[in-house]
1. Can you find, among P414, C439, V463, the residue farthest towards the positive end of the dipole of the range 397-471? Put +1 on the C-beta of Lys and Arg, -1 on that of Asp and Glu.
2. Where does the charge balance sit around L221 when Lys and Arg score +1, Asp and Glu -1, over other residues with C-beta under 10 Å from its C-beta?
3. Find out how many positive minus negative residues lie around K232, taking Lys and Arg as positive, Asp and Glu as negative, among other residues whose Cβ is under 12 Å from that of K232.
4. Could you put I379, I386 in order of accessible surface area, largest first, with the 1.4 Å probe and the full protein assembly present?
5. Report the relative contact order of the range 69-204, percent, no decimals, based on alpha-carbon pairs under 8 angstrom and at least 6 residues apart.
6. Given R₀ = 51 Å, what would the calculated FRET efficiency be for Q465 paired with A278, taking r from the Cβ atoms and rounding to 0.05?
7. Taking 7 Å along the Cα-to-C-beta vector as the label spot, tell me the L438-R209 distance in nanometres, rounded to one decimal.
8. Just how much of K333 is accessible, in Å², when a 1.4 Å probe is used and the result is rounded to the nearest 10?
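The values are calculated or read from the model by the stated rules, or taken from the named source; none is laboratory data. If you're wondering where the values come from, they're calculated on a predicted model, not measured in any experiment. Because the Cβ atoms are built from the backbone with ideal geometry, glycine has one as well, and the counts that use them run over all protein chains shown. Ligands, DNA and RNA are stripped out before the accessible areas are found, and what is left, the full protein with its side chains, is counted by its heavy atoms. Shrake-Rupley method; radii C 1.70, N 1.55, O 1.52, S 1.80 Å.
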Amino acid sequence: MEWGMGLLLLMMVMGISLTWFWYNKMKMKMREDVEKKSGCGVPEGSLGWPLIGETLDFIASGYTSRPVSFMDKRKLLYGKVFKTHLLGTPIIVSTDPDVNKVVLQNHGNIFVPAYPKSIRELLGEHSILQMNGNLQKRLHALIGGFLRSPQLKARITRHIENSVRLTLGSWQDMQLLHVQEETKKITFEVLVNVLMSVGPGEDLDFLKREFEEFIKGLICLPIKFPGTRLYKSLKAKQRLLEMVKKIVEERKSAMEKTDEKGMAKDAVDVLLRDSEEASEKQSLPLDFISGNIIEMMIPGEETVPMAMTLAVKFLSDCPVALHQLMEENMELKKQKKDSGEDYGWTDYLSLPFTQNVISETFRLANIINGVWRKALKDIDIKGYLIPKGWCVLASFISVHMDEEIYENPHLFYPWRWEKLGAAVNNSSFTPFGGGQRLCPGLELSRLEISIFLHHLATTYRWVAQEDEIVYFPTVKMKKKLPIKVTPLCNYRYNQTETLEVLSPHQKGAIENGICTTASKR
Ligand code: HEM
């Protein structure tokens with residue numbers, strides 16, 4: 001028995017040693033071949049252990065308060081672009097804004113999206129997030145044009161306001177609430193409205209339930225049989241597809257019955273109209289439209305509520321910024337009250353400090369920390385060779401946390417944007433990606449967050465409980481950010497211009513409406 005165990009152990013050791021030897025040999029050969037061909041070098045770096053590479057170190061850094069430490073360590077050893085091995089793939093990581101720019105600007109002939117297998121399975125090959133070439137460009141232009149249009153922004157502003165007011169209103173009677181959960185209520189409803197005009201009710205609840213089940217499988221083991229996570233998520237996608245397809249079909253037959261051509265009311269309308277105008281060969285099949293409507297929910301579903309949650313977190317930790325944001329928003333609220341006018345979408349986006357808070361939140365939060373691409377051919381960028389077939393991670397977080405670009409990069413300091421100028425997407429600031437895949441939801445996201453912050457800051461004061469940001473697999477608050485709120489009419493400014501809590505008696509004496517008591521004017 002003992003002898004048998006010994007032999008087994010010996011065979012295992014020999015097996016591992018042989019694999020290691022073979023692995024290194026392949027690695028060297030691959031590198032020599034490519035370098036010989038091109039005359040420039042594959043970036044330096046280590047591929048780590050067989051199979052797992054450096055994945056454990058990468059994941060471990062995602063559970064610390066400095067997820068960028070994985071990149072920083074290697075940047076020091078090998079330079080701004082290095083190779084490693086993550087999540088089962090040898091990969092070249094770029095922390096250099098110029099290299100990232102080339103990767104993002106490429107028109108799909110050198111770099112194509114490369115998601116992990118579970119994501120690929122769930123998206124399907126016809127998803128805008130995976131497809132390449134003319135069809136991606138066409139879909140991107142249609143959706144981007146619709147989401148950026150002033151008509152949509154004007155209409156959706158009313159909708160977002162209602163949704164925000166309803167949610168904030170429900171906070172009055174809550175002892176403790178979780179910002180991460182509450183903000184999702186607002187943004188999911190807005191997203192579904194923009195994509196397919198489904199309002200509150202049973203259909204919305206069904207979509208929310210099934211969508212949550214669907215996205216649980218985005219990062220999981222790519223094993224597909226009854227009972228596995230991936231299988232359950234694919235089933236949820238099927239149920240979602242049935243419902244969305246029904247909506248699309250009903251809309252199409254309604255369109256055929258009328259010649260009326262007003263403004264498209266949602267993404268379903270946009271895609272159906274484009275199909276109607278296109279020739280037979282180019283028109284988009286209904287299954288394709290339904291699938292893409294669901295897939296477009298993925299980038300919008302968690303990102304916006306997380307940005308709102310993190311803005312609340314950063315502001316709670318920085319009372320000076322919170323005070324300035326409140327002042328600015330109170331001023332707008334007073335103007336609107338005095339003039340009796342409704343808010344327009346431009347009102348929300350024209351508050352400079354609030355916009356700087358939002359940019360700083362995006363820079364620090366890194367909700368999408370980078371994008372993965374695959375090289376279709378050998379390419380040399382700034383003297384770094386990226387060989388055909390290799391994956392590239394254009395790391396946004398490393399650029400956003402680079403102290404050569406941002407002074408004190410780990411500090412929440414919205415005032416930096418006053419010096420840096422308007423936070424437009426450029427190669428050093430890419431929370432929404434760039435190039436031909438630049439997020440079409442960029443402006444809508446900023447508008448939603450601005451409206452949320454305005455109504456929050458002019459309705460409540462809050463105290464946040466201790467909580468931490470976790471960065472892996474996606475950015476989240478460990479405890480969903482619990483806060484206690486107090487309506488702002490319970491406060492007023494005292495002579496030292498700080499807010500003080502009013503007694504019930506003082507409060508009762510004020511008849512001037514919910515927030516005017518807090519205003520200094
Ligand atoms: C804070 C909010 C958001 C962030 C940080 C964000 C970030 C991003 C990033 C980085 C990309 C580029 C992916 C790549 O290059 O592979 C992207 C693409 C995309 N986003 Fe967003 N996004 C946000 C909100 C939204 C919203 C609200 C929508 C929809 C209403 C949306 C729809 C899309 C779509 C359809 C794409 C794919 C574009 C294409 O490949 O052509 N996003 N987003």
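1. Value computed over the given set: C439.
2. Summing Lys/Arg as +1 and Asp/Glu as -1 gives +3.
3. Charge balance in the 12 Å sphere: +3.
4. Ranked from most to least accessible, the order is I379, I386.
5. Rounded, it is 11 percent for the range 69-204.
6. With a Förster radius of 51 Å, E is 0.45.
7. Between L438 and R209, the simple spin-label model gives 4.1 nm.
8. The value for K333 is about 50 Å².
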